[in-house]
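Here's the structure we're looking at; comments come further down.
The values are calculated or read from the model by the stated rules, or taken from the named source; none is laboratory data. Bear in mind that the values here come from a model prediction, so they are computed numbers and not experimental data. Cβ placement follows ideal geometry from the backbone for every residue including glycine, while neighbour counts extend to all protein chains displayed. The accessibility values were calculated without ligands, DNA or RNA, using every heavy atom of the protein model including side chains. Shrake-Rupley method; radii C 1.70, N 1.55, O 1.52, S 1.80 Å.
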Amino acid sequence: MKAWIAFWNILLKDMKTYYLKPPNISWGIIFPLAWTGMFFIRSGSEFDSSTIISLIPGVVAVSILFGTTSLLAVTVTFEKKNRSFERLLLAPISLELLMLSKTVGAILFGVVNAFIPVIIASFFADLSGLSWPIFFVTVLLIAVSSTFLGLFIAVAVSEVFEAQTFSNFFRFPMLFLCGLFFPITQLPFFIRPLSYILPLTYGVDLLHWNVRRNHHLYTGLSLLMLILFCIILFSVSIRNIKHKWIA
Amino acid sequence: MTDGITVKGLKKRFDEVQAVNDISFSVKSGELFGFLGPNGAGKTTTINMITGLARPDSGSINIAGIDCTGKPKSAQHLIGVVPDESNLYPELTGYENLCFCASLYGLSKPERQTKAKELLSVFSLDTAANRKFGGYSKGMKRKLTIAAGMIHNPEILFLDEPTTGIDVASARQLRSLISKLHAQGTTIFLTTHYIEEAERLCDRIAFIVNGKLVRTDNVSKLLLPLQNIHRMQVVCTDLPEDLIPGISKSFPDMVFKSKKHNVIEIENGRPISIAPIVRYLEEQGANIFEAKLIKPSLEDVFVEITGIEADIMRREKEKGGKKK
(Lines give C-alpha, C1' and ligand atoms only; values in the text may rest on other atoms or scores of the structure.)
Protein backbone atom coordinates (compact mmCIF):
# COMPACT_ATOMS: atom_id res chain seq x y z
CA MET A 1 0.00 0.00 0.00
CA LYS A 2 2.77 2.42 1.01
CA ALA A 3 4.69 1.61 -2.17
CA TRP A 4 1.62 2.55 -4.19
CA ILE A 5 1.49 5.97 -2.51
CA ALA A 6 5.03 6.51 -3.86
CA PHE A 7 4.03 5.11 -7.28
CA TRP A 8 1.01 7.40 -7.58
CA ASN A 9 2.88 10.50 -6.45
CA ILE A 10 5.82 9.93 -8.80
CA LEU A 11 3.30 9.63 -11.63
CA LEU A 12 1.47 12.79 -10.56
CA LYS A 13 4.73 14.70 -10.17
CA ASP A 14 5.88 13.68 -13.67
CA MET A 15 2.53 14.60 -15.20
CA LYS A 16 2.67 18.02 -13.58
CA THR A 17 6.39 18.65 -14.17
CA TYR A 18 6.72 17.30 -17.71
CA TYR A 19 3.71 15.93 -19.57
CA LEU A 20 1.12 18.59 -18.83
CA LYS A 21 3.41 21.49 -19.62
CA PRO A 22 1.95 23.73 -22.35
CA PRO A 23 4.83 23.08 -24.81
CA ASN A 24 4.29 19.34 -24.54
CA ILE A 25 0.52 19.62 -24.90
CA SER A 26 0.90 21.78 -28.00
CA TRP A 27 3.54 19.41 -29.35
CA GLY A 28 1.15 16.50 -28.74
CA ILE A 29 -1.42 18.26 -30.93
CA ILE A 30 0.79 19.79 -33.62
CA PHE A 31 2.90 16.70 -34.19
CA PRO A 32 0.03 14.37 -35.22
CA LEU A 33 -1.46 17.15 -37.36
CA ALA A 34 1.85 17.64 -39.17
CA TRP A 35 2.16 13.92 -39.81
CA THR A 36 -1.44 13.75 -41.04
CA GLY A 37 -0.68 16.52 -43.53
CA MET A 38 2.53 14.80 -44.63
CA PHE A 39 0.88 11.42 -45.14
CA PHE A 40 -2.01 13.07 -46.94
CA ILE A 41 0.21 14.97 -49.38
CA ARG A 42 2.34 11.87 -49.96
CA SER A 43 -0.74 9.74 -50.77
CA GLY A 44 -1.85 12.30 -53.40
CA SER A 45 -5.40 11.11 -52.86
CA GLU A 46 -8.72 12.89 -52.65
CA PHE A 47 -9.74 14.24 -49.25
CA ASP A 48 -12.36 11.58 -48.61
CA SER A 49 -13.34 9.18 -45.87
CA SER A 50 -11.35 6.17 -47.14
CA THR A 51 -8.14 8.22 -47.55
CA ILE A 52 -8.48 9.64 -44.06
CA ILE A 53 -9.06 6.19 -42.58
CA SER A 54 -6.08 4.79 -44.48
CA LEU A 55 -3.84 7.43 -42.86
CA ILE A 56 -4.79 6.48 -39.30
CA PRO A 57 -2.32 3.59 -38.74
CA GLY A 58 0.67 5.65 -39.86
CA VAL A 59 -0.19 8.81 -37.96
CA VAL A 60 -1.14 6.94 -34.81
CA ALA A 61 2.03 4.80 -34.81
CA VAL A 62 4.34 7.72 -35.50
CA SER A 63 2.67 9.96 -32.91
CA ILE A 64 3.05 7.34 -30.21
CA LEU A 65 6.62 6.43 -31.15
CA PHE A 66 7.91 10.00 -31.18
CA GLY A 67 5.84 11.22 -28.22
CA THR A 68 6.85 8.47 -25.82
CA THR A 69 10.50 7.93 -26.74
CA SER A 70 11.31 11.65 -26.84
CA LEU A 71 9.78 12.59 -23.54
CA LEU A 72 10.78 9.61 -21.46
CA ALA A 73 14.38 9.52 -22.66
CA VAL A 74 14.77 13.23 -22.05
CA THR A 75 13.03 13.42 -18.65
CA VAL A 76 14.84 10.43 -17.16
CA THR A 77 18.21 11.64 -18.49
CA PHE A 78 17.48 15.13 -17.13
CA GLU A 79 16.67 13.80 -13.65
CA LYS A 80 19.73 11.57 -13.73
CA LYS A 81 21.88 14.51 -14.74
CA ASN A 82 20.63 16.86 -11.98
CA ARG A 83 20.79 13.98 -9.49
CA SER A 84 17.11 14.18 -8.49
CA PHE A 85 16.83 10.60 -9.75
CA GLU A 86 19.01 9.57 -6.78
CA ARG A 87 16.17 10.63 -4.52
CA LEU A 88 13.94 8.09 -6.24
CA LEU A 89 16.59 5.39 -6.05
CA LEU A 90 16.79 5.97 -2.28
CA ALA A 91 13.04 5.49 -1.84
CA PRO A 92 12.08 2.19 -0.19
CA ILE A 93 10.24 0.86 -3.24
CA SER A 94 11.40 -1.80 -5.68
CA LEU A 95 13.28 -0.65 -8.74
CA GLU A 96 10.66 -2.29 -10.96
CA LEU A 97 7.80 -0.33 -9.36
CA LEU A 98 9.86 2.85 -9.45
CA MET A 99 10.54 2.50 -13.18
CA LEU A 100 6.91 1.62 -13.86
CA SER A 101 5.86 4.82 -12.10
CA LYS A 102 8.36 6.78 -14.21
CA THR A 103 7.08 5.22 -17.44
CA VAL A 104 3.29 5.29 -16.90
CA GLY A 105 3.21 9.05 -17.53
CA ALA A 106 4.91 8.62 -20.91
CA ILE A 107 2.60 5.71 -21.77
CA LEU A 108 -0.47 7.84 -21.03
CA PHE A 109 1.05 10.69 -23.04
CA GLY A 110 1.53 8.29 -25.97
CA VAL A 111 -2.04 6.99 -25.75
CA VAL A 112 -3.46 10.53 -25.65
CA ASN A 113 -1.23 11.49 -28.60
CA ALA A 114 -2.57 8.49 -30.53
CA PHE A 115 -6.18 9.52 -30.08
CA ILE A 116 -5.71 13.12 -31.21
CA PRO A 117 -5.54 12.18 -34.93
CA VAL A 118 -8.35 9.68 -34.39
CA ILE A 119 -10.58 12.36 -32.87
CA ILE A 120 -9.77 14.74 -35.72
CA ALA A 121 -10.42 11.97 -38.29
CA SER A 122 -13.80 11.23 -36.70
CA PHE A 123 -15.06 14.63 -37.92
CA PHE A 124 -14.28 13.78 -41.55
CA ALA A 125 -14.66 10.01 -41.80
CA ASP A 126 -16.87 7.18 -40.61
CA LEU A 127 -14.82 5.23 -38.06
CA SER A 128 -17.59 2.82 -37.06
CA GLY A 129 -15.77 -0.04 -38.80
CA LEU A 130 -12.91 0.05 -36.31
CA SER A 131 -12.77 -2.53 -33.57
CA TRP A 132 -12.27 -0.15 -30.67
CA PRO A 133 -11.23 -2.65 -27.96
CA ILE A 134 -8.51 -4.11 -30.23
CA PHE A 135 -7.56 -0.62 -31.41
CA PHE A 136 -7.15 0.53 -27.81
CA VAL A 137 -5.12 -2.57 -26.84
CA THR A 138 -2.88 -2.03 -29.88
CA VAL A 139 -2.34 1.65 -29.09
CA LEU A 140 -1.59 0.76 -25.48
CA LEU A 141 0.92 -1.93 -26.44
CA ILE A 142 2.66 0.34 -28.95
CA ALA A 143 2.79 3.06 -26.27
CA VAL A 144 4.20 0.66 -23.67
CA SER A 145 6.82 -0.84 -26.01
CA SER A 146 7.87 2.61 -27.31
CA THR A 147 8.09 3.98 -23.78
CA PHE A 148 10.24 1.06 -22.71
CA LEU A 149 12.40 1.68 -25.77
CA GLY A 150 12.73 5.28 -24.51
CA LEU A 151 13.73 3.91 -21.11
CA PHE A 152 16.30 1.64 -22.70
CA ILE A 153 17.73 4.69 -24.51
CA ALA A 154 17.67 6.82 -21.34
CA VAL A 155 19.68 4.25 -19.44
CA ALA A 156 22.20 3.95 -22.24
CA VAL A 157 23.11 7.66 -22.37
CA SER A 158 24.20 10.27 -19.86
CA GLU A 159 23.41 13.58 -21.57
CA VAL A 160 20.04 14.95 -22.63
CA PHE A 161 21.23 15.69 -26.19
CA GLU A 162 22.57 12.12 -26.47
CA ALA A 163 19.11 10.85 -25.60
CA GLN A 164 17.63 12.66 -28.61
CA THR A 165 20.39 11.54 -30.97
CA PHE A 166 20.26 7.96 -29.80
CA SER A 167 16.44 7.94 -30.03
CA ASN A 168 16.65 8.90 -33.69
CA PHE A 169 19.10 6.08 -34.28
CA PHE A 170 16.21 3.73 -33.49
CA ARG A 171 13.20 5.74 -34.60
CA PHE A 172 13.97 6.63 -38.20
CA PRO A 173 15.08 3.17 -39.39
CA MET A 174 12.05 1.81 -37.54
CA LEU A 175 9.73 4.12 -39.47
CA PHE A 176 10.98 2.86 -42.82
CA LEU A 177 11.20 -0.78 -41.90
CA CYS A 178 7.97 -1.32 -39.97
CA GLY A 179 5.64 -1.42 -42.98
CA LEU A 180 4.25 2.10 -42.66
CA PHE A 181 5.57 3.57 -45.89
CA PHE A 182 5.92 0.38 -47.87
CA PRO A 183 4.72 -3.13 -47.11
CA ILE A 184 7.40 -5.34 -45.60
CA THR A 185 6.88 -7.82 -48.43
CA GLN A 186 8.18 -5.17 -50.84
CA LEU A 187 11.41 -4.65 -48.90
CA PRO A 188 14.61 -6.32 -50.18
CA PHE A 189 14.73 -9.89 -48.91
CA PHE A 190 17.86 -9.37 -46.79
CA ILE A 191 16.36 -6.37 -44.95
CA ARG A 192 13.14 -8.11 -43.98
CA PRO A 193 14.54 -9.89 -40.89
CA LEU A 194 15.34 -6.45 -39.48
CA SER A 195 11.69 -5.49 -39.74
CA TYR A 196 10.68 -8.44 -37.62
CA ILE A 197 12.92 -7.46 -34.74
CA LEU A 198 11.18 -4.09 -34.42
CA PRO A 199 8.20 -3.79 -32.09
CA LEU A 200 6.56 -1.15 -34.27
CA THR A 201 6.23 -3.68 -37.15
CA TYR A 202 3.77 -5.71 -35.08
CA GLY A 203 1.93 -2.62 -33.83
CA VAL A 204 1.55 -1.22 -37.35
CA ASP A 205 0.34 -4.59 -38.68
CA LEU A 206 -2.32 -4.69 -35.96
CA LEU A 207 -3.41 -1.14 -36.81
CA HIS A 208 -3.59 -2.03 -40.52
CA TRP A 209 -5.70 -5.05 -39.66
CA ASN A 210 -7.98 -2.95 -37.49
CA VAL A 211 -8.44 -0.11 -39.94
CA ARG A 212 -8.35 -1.75 -43.37
CA ARG A 213 -8.07 -5.52 -42.75
CA ASN A 214 -4.85 -5.10 -44.68
CA HIS A 215 -2.29 -7.09 -42.72
CA HIS A 216 0.14 -9.92 -43.29
CA LEU A 217 0.78 -11.31 -39.80
CA TYR A 218 -1.51 -13.20 -37.48
CA THR A 219 -3.12 -10.76 -35.07
CA GLY A 220 -2.51 -13.11 -32.14
CA LEU A 221 1.17 -13.34 -33.07
CA SER A 222 1.46 -9.56 -33.34
CA LEU A 223 -0.14 -9.05 -29.91
CA LEU A 224 2.13 -11.69 -28.42
CA MET A 225 5.24 -10.17 -30.01
CA LEU A 226 4.35 -6.70 -28.71
CA ILE A 227 3.90 -8.08 -25.18
CA LEU A 228 7.20 -9.93 -25.54
CA PHE A 229 8.99 -6.73 -26.65
CA CYS A 230 7.53 -4.86 -23.65
CA ILE A 231 8.82 -7.53 -21.25
CA ILE A 232 12.26 -7.74 -22.87
CA LEU A 233 12.81 -3.97 -23.10
CA PHE A 234 11.69 -3.40 -19.51
CA SER A 235 13.79 -6.27 -18.13
CA VAL A 236 16.90 -5.18 -20.04
CA SER A 237 16.42 -1.58 -18.87
CA ILE A 238 16.06 -2.65 -15.23
CA ARG A 239 19.17 -4.80 -15.55
CA ASN A 240 21.07 -1.90 -17.11
CA ILE A 241 19.94 0.50 -14.37
CA LYS A 242 21.22 -1.91 -11.74
CA HIS A 243 24.55 -2.22 -13.53
CA LYS A 244 25.04 1.37 -14.66
CA TRP A 245 23.26 3.58 -12.15
CA ILE A 246 23.78 1.55 -9.00
CA ALA A 247 27.32 0.68 -9.99
CA MET B 1 23.53 0.35 22.71
CA THR B 2 22.90 -1.64 19.55
CA ASP B 3 24.74 -0.98 16.33
CA GLY B 4 23.08 1.48 14.03
CA ILE B 5 25.44 0.80 11.14
CA THR B 6 28.05 -1.91 10.85
CA VAL B 7 30.34 -2.02 7.85
CA LYS B 8 32.94 -4.75 7.36
CA GLY B 9 35.65 -5.01 4.74
CA LEU B 10 33.98 -2.61 2.31
CA LYS B 11 35.80 -2.18 -1.00
CA LYS B 12 35.02 -0.25 -4.15
CA ARG B 13 37.12 0.31 -7.24
CA PHE B 14 36.41 2.68 -10.15
CA ASP B 15 38.60 1.65 -13.07
CA GLU B 16 42.16 2.32 -11.89
CA VAL B 17 41.16 4.02 -8.64
CA GLN B 18 40.59 2.09 -5.43
CA ALA B 19 38.02 4.52 -4.03
CA VAL B 20 37.31 2.58 -0.84
CA ASN B 21 39.83 0.06 0.39
CA ASP B 22 38.73 -2.50 2.95
CA ILE B 23 37.11 -0.24 5.50
CA SER B 24 35.30 -1.46 8.60
CA PHE B 25 33.54 0.55 11.29
CA SER B 26 30.39 0.62 13.32
CA VAL B 27 28.12 3.45 14.36
CA LYS B 28 26.11 2.92 17.52
CA SER B 29 22.43 3.68 17.63
CA GLY B 30 21.90 7.32 18.60
CA GLU B 31 25.52 8.23 17.93
CA LEU B 32 26.72 11.21 15.92
CA PHE B 33 29.55 9.78 13.85
CA GLY B 34 31.85 12.03 11.86
CA PHE B 35 33.56 10.90 8.68
CA LEU B 36 36.45 13.19 7.82
CA GLY B 37 38.76 13.24 4.88
CA PRO B 38 39.99 15.33 1.97
CA ASN B 39 38.38 15.41 -1.48
CA GLY B 40 38.45 12.03 -3.16
CA ALA B 41 39.12 10.20 0.09
CA GLY B 42 36.10 7.94 -0.43
CA LYS B 43 33.54 9.59 1.88
CA THR B 44 30.69 9.92 -0.60
CA THR B 45 31.42 6.52 -2.15
CA THR B 46 31.12 4.99 1.32
CA ILE B 47 27.80 6.73 1.94
CA ASN B 48 26.56 5.67 -1.50
CA MET B 49 27.39 2.04 -0.77
CA ILE B 50 25.71 2.10 2.63
CA THR B 51 22.57 3.80 1.35
CA GLY B 52 22.22 1.68 -1.78
CA LEU B 53 23.33 4.12 -4.47
CA ALA B 54 26.47 2.14 -5.23
CA ARG B 55 27.30 -1.55 -5.18
CA PRO B 56 30.31 -2.57 -3.10
CA ASP B 57 32.86 -4.86 -4.75
CA SER B 58 33.09 -6.75 -1.47
CA GLY B 59 32.27 -6.40 2.20
CA SER B 60 29.13 -6.41 4.27
CA ILE B 61 26.69 -3.72 5.41
CA ASN B 62 24.27 -4.01 8.28
CA ILE B 63 21.81 -1.22 9.10
CA ALA B 64 19.81 -1.33 12.33
CA GLY B 65 20.21 -5.09 12.50
CA ILE B 66 19.19 -5.62 8.85
CA ASP B 67 21.77 -7.27 6.63
CA CYS B 68 21.76 -5.04 3.55
CA THR B 69 24.61 -6.77 1.73
CA GLY B 70 23.31 -7.27 -1.79
CA LYS B 71 19.85 -6.10 -0.67
CA PRO B 72 20.16 -2.31 -0.55
CA LYS B 73 16.41 -1.74 -0.48
CA SER B 74 15.85 -3.66 2.73
CA ALA B 75 16.72 -0.83 5.12
CA GLN B 76 16.00 2.24 2.98
CA HIS B 77 12.80 2.95 4.93
CA LEU B 78 14.97 3.55 8.03
CA ILE B 79 17.42 5.99 6.52
CA GLY B 80 17.37 9.57 5.36
CA VAL B 81 20.04 10.88 3.02
CA VAL B 82 21.11 14.47 2.50
CA PRO B 83 23.50 14.49 -0.46
CA ASP B 84 26.38 16.90 -0.87
CA GLU B 85 24.48 18.74 -3.62
CA SER B 86 20.88 19.91 -3.49
CA ASN B 87 18.91 17.55 -5.69
CA LEU B 88 15.27 18.52 -5.37
CA TYR B 89 12.96 19.40 -8.25
CA PRO B 90 13.41 22.97 -9.52
CA GLU B 91 9.92 23.07 -11.01
CA LEU B 92 8.17 22.25 -7.73
CA THR B 93 7.73 24.65 -4.83
CA GLY B 94 9.45 24.07 -1.51
CA TYR B 95 6.23 22.75 -0.01
CA GLU B 96 5.52 20.48 -2.99
CA ASN B 97 9.06 19.12 -2.89
CA LEU B 98 8.72 18.15 0.77
CA CYS B 99 5.27 16.59 0.23
CA PHE B 100 6.63 14.64 -2.75
CA CYS B 101 9.64 13.35 -0.79
CA ALA B 102 7.32 12.29 2.04
CA SER B 103 5.15 10.37 -0.42
CA LEU B 104 8.19 8.31 -1.47
CA TYR B 105 8.17 6.87 2.06
CA GLY B 106 4.44 6.11 1.98
CA LEU B 107 3.25 8.92 4.26
CA SER B 108 -0.46 9.67 3.91
CA LYS B 109 -1.56 13.03 2.50
CA PRO B 110 -2.43 14.63 5.88
CA GLU B 111 0.85 13.32 7.36
CA ARG B 112 2.81 14.72 4.40
CA GLN B 113 1.20 18.13 4.67
CA THR B 114 1.66 18.38 8.43
CA LYS B 115 5.28 17.26 8.31
CA ALA B 116 6.12 19.56 5.36
CA LYS B 117 4.68 22.60 7.13
CA GLU B 118 6.46 21.69 10.34
CA LEU B 119 9.86 21.38 8.63
CA LEU B 120 9.39 24.55 6.60
CA SER B 121 8.84 26.33 9.89
CA VAL B 122 11.83 24.65 11.61
CA PHE B 123 14.10 25.75 8.76
CA SER B 124 12.54 29.23 8.59
CA LEU B 125 11.38 28.64 5.05
CA ASP B 126 7.66 29.25 5.64
CA THR B 127 7.62 32.44 3.62
CA ALA B 128 9.27 30.68 0.67
CA ALA B 129 7.05 27.60 0.88
CA ASN B 130 5.15 28.42 -2.29
CA ARG B 131 8.12 29.58 -4.32
CA LYS B 132 9.73 27.26 -6.85
CA PHE B 133 12.84 25.47 -5.58
CA GLY B 134 14.74 26.60 -8.70
CA GLY B 135 14.47 30.21 -7.49
CA TYR B 136 15.83 29.53 -3.99
CA SER B 137 19.20 30.85 -2.85
CA LYS B 138 22.00 28.35 -2.23
CA GLY B 139 21.45 28.39 1.54
CA MET B 140 17.70 27.93 1.17
CA LYS B 141 18.25 25.04 -1.25
CA ARG B 142 20.57 23.40 1.23
CA LYS B 143 18.11 23.80 4.07
CA LEU B 144 15.22 22.37 2.05
CA THR B 145 17.39 19.44 0.94
CA ILE B 146 18.14 18.67 4.57
CA ALA B 147 14.46 19.00 5.44
CA ALA B 148 13.64 16.56 2.63
CA GLY B 149 16.08 14.03 4.09
CA MET B 150 14.31 14.24 7.44
CA ILE B 151 10.73 14.28 6.20
CA HIS B 152 10.00 10.66 7.16
CA ASN B 153 11.64 10.82 10.62
CA PRO B 154 14.47 8.45 9.72
CA GLU B 155 16.21 6.49 12.46
CA ILE B 156 19.52 7.04 10.72
CA LEU B 157 20.41 10.25 8.91
CA PHE B 158 23.31 10.57 6.47
CA LEU B 159 24.50 14.14 6.08
CA ASP B 160 27.06 14.64 3.33
CA GLU B 161 28.78 18.02 3.80
CA PRO B 162 25.62 19.71 5.12
CA THR B 163 27.13 23.14 5.77
CA THR B 164 29.29 23.51 2.67
CA GLY B 165 28.63 26.65 0.67
CA ILE B 166 26.07 28.25 2.92
CA ASP B 167 26.17 31.47 4.90
CA VAL B 168 27.40 31.57 8.50
CA ALA B 169 23.97 32.11 10.03
CA SER B 170 22.44 29.18 8.13
CA ALA B 171 25.40 26.96 9.01
CA ARG B 172 24.98 27.81 12.70
CA GLN B 173 21.27 27.08 12.49
CA LEU B 174 21.99 23.75 10.82
CA ARG B 175 24.56 22.75 13.42
CA SER B 176 22.12 23.52 16.19
CA LEU B 177 19.49 21.43 14.40
CA ILE B 178 21.92 18.53 13.99
CA SER B 179 22.64 18.70 17.74
CA LYS B 180 18.93 18.73 18.49
CA LEU B 181 18.31 15.68 16.27
CA HIS B 182 21.20 13.92 17.96
CA ALA B 183 19.76 14.73 21.38
CA GLN B 184 16.44 13.25 20.26
CA GLY B 185 18.19 9.94 19.54
CA THR B 186 18.65 10.04 15.75
CA THR B 187 21.77 8.22 14.58
CA ILE B 188 23.71 10.65 12.42
CA PHE B 189 26.48 9.87 9.96
CA LEU B 190 28.11 13.17 9.11
CA THR B 191 30.76 13.81 6.52
CA THR B 192 32.40 17.20 6.61
CA HIS B 193 35.66 18.87 5.78
CA TYR B 194 35.14 21.44 8.55
CA ILE B 195 37.18 19.81 11.28
CA GLU B 196 36.03 22.23 13.97
CA GLU B 197 32.43 21.38 13.04
CA ALA B 198 33.14 17.67 13.51
CA GLU B 199 34.96 18.37 16.78
CA ARG B 200 32.04 20.36 18.11
CA LEU B 201 29.25 17.99 17.00
CA CYS B 202 30.51 14.41 16.83
CA ASP B 203 30.75 11.70 19.46
CA ARG B 204 33.23 9.74 17.41
CA ILE B 205 35.23 10.53 14.32
CA ALA B 206 36.80 8.42 11.59
CA PHE B 207 39.56 9.81 9.37
CA ILE B 208 39.57 8.47 5.84
CA VAL B 209 42.44 9.07 3.41
CA ASN B 210 42.83 7.46 -0.02
CA GLY B 211 39.96 5.07 0.66
CA LYS B 212 41.40 3.76 3.92
CA LEU B 213 40.32 4.46 7.48
CA VAL B 214 43.39 5.72 9.26
CA ARG B 215 41.88 6.31 12.71
CA THR B 216 38.50 5.99 14.42
CA ASP B 217 37.97 7.19 17.95
CA ASN B 218 35.95 9.51 20.12
CA VAL B 219 36.95 13.17 20.14
CA SER B 220 38.42 13.21 23.66
CA LYS B 221 40.62 10.18 22.92
CA LEU B 222 41.76 11.71 19.65
CA LEU B 223 42.81 14.83 21.53
CA LEU B 224 44.51 12.90 24.34
CA PRO B 225 48.04 12.83 22.80
CA LEU B 226 47.87 16.62 22.52
CA GLN B 227 46.94 17.19 26.16
CA ASN B 228 50.55 17.85 27.15
CA ILE B 229 51.43 19.89 24.14
CA HIS B 230 51.43 23.67 24.54
CA ARG B 231 51.54 26.02 21.60
CA MET B 232 52.10 29.69 21.12
CA GLN B 233 51.82 31.82 18.01
CA VAL B 234 53.58 35.13 17.38
CA VAL B 235 52.73 37.44 14.51
CA CYS B 236 55.46 39.98 13.77
CA THR B 237 57.43 41.79 11.05
CA ASP B 238 61.12 42.60 10.51
CA LEU B 239 62.25 39.10 11.47
CA PRO B 240 65.98 38.50 11.10
CA GLU B 241 66.75 35.72 8.60
CA ASP B 242 68.64 33.56 11.11
CA LEU B 243 65.98 33.88 13.81
CA ILE B 244 64.95 30.23 14.14
CA PRO B 245 68.45 28.79 14.82
CA GLY B 246 69.17 31.64 17.26
CA ILE B 247 65.93 31.40 19.24
CA SER B 248 66.15 27.60 19.34
CA LYS B 249 69.55 27.94 21.01
CA SER B 250 68.19 30.41 23.59
CA PHE B 251 65.12 28.29 24.42
CA PRO B 252 66.40 24.74 23.97
CA ASP B 253 63.28 23.02 25.43
CA MET B 254 61.02 24.48 22.79
CA VAL B 255 60.41 23.76 19.12
CA PHE B 256 60.20 26.81 16.84
CA LYS B 257 58.66 26.78 13.38
CA SER B 258 58.03 29.56 10.91
CA LYS B 259 55.19 28.15 8.85
CA LYS B 260 54.05 31.34 7.17
CA HIS B 261 55.86 34.59 6.51
CA ASN B 262 55.81 36.68 9.73
CA VAL B 263 54.27 33.92 11.86
CA ILE B 264 56.29 31.89 14.35
CA GLU B 265 54.86 28.85 16.07
CA ILE B 266 56.34 27.61 19.30
CA GLU B 267 55.65 24.19 20.81
CA ASN B 268 56.57 22.91 24.26
CA GLY B 269 55.81 19.96 26.51
CA ARG B 270 55.21 22.37 29.42
CA PRO B 271 53.17 25.60 29.67
CA ILE B 272 54.85 28.41 27.72
CA SER B 273 55.61 31.74 29.26
CA ILE B 274 54.93 34.47 26.69
CA ALA B 275 57.04 37.37 28.08
CA PRO B 276 60.60 35.97 27.68
CA ILE B 277 59.94 34.99 24.06
CA VAL B 278 58.41 38.35 23.19
CA ARG B 279 61.32 40.11 24.87
CA TYR B 280 63.85 38.02 22.92
CA LEU B 281 62.12 38.72 19.62
CA GLU B 282 61.98 42.47 20.30
CA GLU B 283 65.69 42.44 21.15
CA GLN B 284 66.26 40.86 17.74
CA GLY B 285 64.46 43.81 16.12
CA ALA B 286 61.13 42.13 15.40
CA ASN B 287 58.01 44.25 15.46
CA ILE B 288 55.39 42.18 17.33
CA PHE B 289 51.67 42.52 16.54
CA GLU B 290 50.24 39.55 18.35
CA ALA B 291 51.39 36.81 20.70
CA LYS B 292 48.93 34.19 21.91
CA LEU B 293 48.70 30.71 23.37
CA ILE B 294 46.86 28.20 21.15
CA LYS B 295 44.87 25.24 22.40
CA PRO B 296 45.69 22.18 20.29
CA SER B 297 42.63 21.10 18.32
CA LEU B 298 41.32 18.18 16.32
CA GLU B 299 42.76 19.92 13.28
CA ASP B 300 46.24 19.25 14.68
CA VAL B 301 45.33 15.61 15.21
CA PHE B 302 44.04 15.41 11.66
CA VAL B 303 47.21 16.96 10.25
CA GLU B 304 49.36 14.66 12.34
CA ILE B 305 47.48 11.50 11.34
CA THR B 306 46.81 12.22 7.69
CA GLY B 307 49.67 14.55 6.81
CA ILE B 308 47.13 16.79 5.06
CA GLU B 309 46.89 20.45 5.96
CA ALA B 310 43.31 21.19 6.99
CA ASP B 311 43.42 24.57 5.27
CA ILE B 312 44.23 22.93 1.95
CA MET B 313 41.36 20.47 2.38
CA ARG B 314 38.93 23.28 3.17
CA ARG B 315 40.02 25.42 0.23
CA GLU B 316 39.81 22.45 -2.16
CA LYS B 317 36.28 21.72 -1.06
CA GLU B 318 35.15 25.30 -1.25
CA LYS B 319 36.52 25.53 -4.77
CA GLY B 320 34.13 22.69 -5.53
CA GLY B 321 36.69 20.03 -6.30
CA LYS B 322 35.29 16.83 -7.76
CA LYS B 323 34.79 13.90 -5.50
CA LYS B 324 34.70 10.22 -6.28
Exercise. When the accessible area of the stretch B:230-295 is split by element with a 1.4 Å probe, what percent falls to carbon and sulfur?
Worked result: 51 percent
Seminar exercise, completed: Surpassing 24 Å at the alpha-carbon level, of the pairs B:LYS43/B:LYS260; B:LYS11/B:LYS73; A:LYS244/B:LYS141, are B:LYS43/B:LYS260; A:LYS244/B:LYS141
Exercise. Counting only the heavy atoms of the protein chains, how much of B:ILE288 is accessible to a 1.4 Å probe, in Å² to the nearest 10?
Worked result: 40 Å²
Exercise. Using a 1.4 Å probe on protein heavy atoms, which residues of the stretch A:1-16 have at least 50 Å² less accessible area in the complex than alone?
Worked result: A:ILE5, A:ASN9, A:LYS13, A:LYS16
For this session: Using a 10 Å cut-off on Cβ to Cβ distances, tally the other chain neighbours for every residue of B:86-92 and report the average as a whole number.
Result: 5
For this session: Note down the nm distance, to one decimal, between modelled labels 7 Å out along Cα→Cβ at B:ASP22 and at A:PHE169.
Result: 4.1 nm
Exercise. Dipole of chain A, Cα-centred, from +1 at each Lys and Arg C-beta and -1 at each Asp and Glu C-beta, to the nearest 20 debye?
Worked result: 700 debye
Exercise. Considering the dipole of chain B built from charges on the beta carbon (Lys and Arg +1, Asp and Glu -1) around the Cα centre, which of B:LEU159, B:CYS202, B:GLY65 is farthest to its positive end?
Worked result: B:GLY65
Seminar exercise, completed: Longest principal axis of chain B (C-alpha) makes with the long axis of helix B:138-150 (C-alpha) an angle, in degrees to the nearest 10, of 60 degrees
Seminar exercise, completed: Charge dipole of chain B built from unit charges on the beta carbon (Lys, Arg +1; Asp, Glu -1), centred at mean Cα; most positive-end Cα among B:THR191, B:GLY30, B:ASN268 is B:GLY30
Exercise. When the accessible area of chain A is computed with all protein chains present and a 1.4 Å probe, what percentage of it is carbon and sulfur?
Worked result: 74 percent
For this session: Would you tell me the accessible area of B:THR127, worked out with a 1.4 angstrom probe on the heavy atoms of the protein chains, in Å² to the nearest 10?
Result: 140 Å²
Exercise. Once you put a point 7 Å from the Cα of A:LYS21 and another 7 Å from the Cα of B:SER273, both along the Cβ direction, what distance in nm separates them?
Worked result: 7.4 nm
Seminar exercise, completed: On complex formation of B with A, accessible surface lost, both sides summed, probe 1.4 Å, nearest 100 Å², amounts to 2700 Å²
Problem set entry | Listed residue (B:VAL255, B:GLN113, B:ASN130) projecting farthest to the positive dipole end of chain B, Cβ model | B:GLN113
Exercise. Once label points are set 7 Å from the Cα along Cα→Cβ at both B:GLU196 and A:ILE191, what is their separation, rounded to one decimal in nm?
Worked result: 7.2 nm
Exercise. Which whole-number value in Å² is the accessible area per residue of the protein assembly as shown, probe 1.4 Å?
Worked result: 45 Å²
